[in-house]
Amino acid sequence: MDFKGKTEKIWMNGKYVDWDDAKIHICSHVIHYGTAIFGGIRCYKTQKGSVFFRLSDHSNRLIYSCKIYRMELKYTIEELNNIIMDTVRINKVDECYIRPIIYRGYGELGVNPFNCPIDMAIIVMKWGKYLGEEALENGVDVCVSSWLRMAPNTFPAMAKCGANYMNSQLIKMEAILNNYVEGIALDTAGHLSEGSGENIFLVREGKIYTPQLSSSILQGITRESVIKIAKDLGYEVIEGTIPREMLYIADEVFFTGTAAEITPIRSIDKIKIGNGKRGPITHQIQNEFFGIINGEKEDKYGWLTYL
Ligand code: PMP
């Protein structure tokens, strides 16, 4: 079977390995227990060359996610950035999605991970728009999932850990089987949390709302970028506890994420959001965001790293 987005080489524990040979043992801890910390980074092609969006912030999240799981990583942010950039260079792609993954490898099969090595791989993939090519303009139709995000003090939501994505898969599969593009999950208190792989924002009466970190969300890097952009555009941004029904009466709702970028939501559970089209504030924030990435607007926050 051909793997979508396949490139030539994968970095594995310090070596470049041919894509087809990048294998691990079936007894690796990660396969049985989901013991992996991963990232998702975009590198965009611009007129000034290839550019990474918030590379150091992604490396930093890998490091703090490892810390939560007591996985000692022997690389600094700068070293991680360099390995990631070198892996993109060696694959000769000017636009890609990068998937760094740090995992417990081959050592022992018991739940105790301490005797399993901490391995790392960097995968570079060719990738298009996550929720469909037209989604950024037309918006997507989504549902509220019957699955909740993990409860506090069960799986740490702030760690970008492989195991968390078993929950994401339940949300995503349910949505797809019901003909929606994506599902929005609530937290165990019934408040708004996030999508299976995106943070969520809503606009009501000119104010912007997004769930707080304690609503079982990942601390999205796109989320933080949107909060900064929105505040600089003069909007009030409220991070808090948001009731489900705020979704249905919002003027605008949108997802944020490295893969989804800023994707408008045009309906939720078949209730039309606003007038069912991308809203003006969503559009304005998209313009700032993509303007910076394309190099058309000044990179005033220092978010870009040129290859
Ligand atoms: N929440 C979840 C569960 C995610 O998987 C992602 C994607 N990494 C996000 C939010 C968005 O995070 P970011 O903007 O850093 O990609």
Q) So which residues in segment 212-271 are among the basic types (K, R) and part of a helix (DSSP H, G or I), if there are any at all? A) R223, K228, K231
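Tell me which helices (runs of 4 or more DSSP H) are completely within segment 1-119 and hold 3 or more residues being within 20 Å of G302 (Cα to Cα) and open to solvent by 20 Å² or more (accessible area, probe 1.4 Å), or say none if there are none.
55-68, 77-90
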Q: Report the residue count in segment 166-188 for those that are free of Cβ contacts under 8 Å to residues at least 40 places away in the same chain and either assigned to a helix (DSSP H, G or I) or among the hydrophobic types (A, V, I, L, M, F, W, C) (or both).
A: 11
Q) Since K207 meets every condition but one in (1) open to solvent by 60 Å² or more (accessible area, probe 1.4 Å); (2) farther than 26 Å from K277 by Cβ, which condition does it not meet? A) (2)
Q | Flag for L202 being within 16 Å of the ligand (Cβ to nearest atom), in a loop (DSSP other than H, G, I, E, B), surrounded by 21 or more Cβ atoms within 10 Å (Cβ to Cβ) and not β-branched (V, I, T) | A | no
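The values are calculated or read from the model by the stated rules, or taken from the named source; none is laboratory data. Small disclaimer: the values here were computed from a predicted structure and weren't measured. Positions of Cβ are backbone-derived with ideal geometry, glycine not excepted, and every protein chain shown enters the neighbour counts. Ligands, DNA and RNA are excluded from the accessible area calculation, which covers all protein heavy atoms including side chains. Shrake-Rupley method; radii C 1.70, N 1.55, O 1.52, S 1.80 Å.
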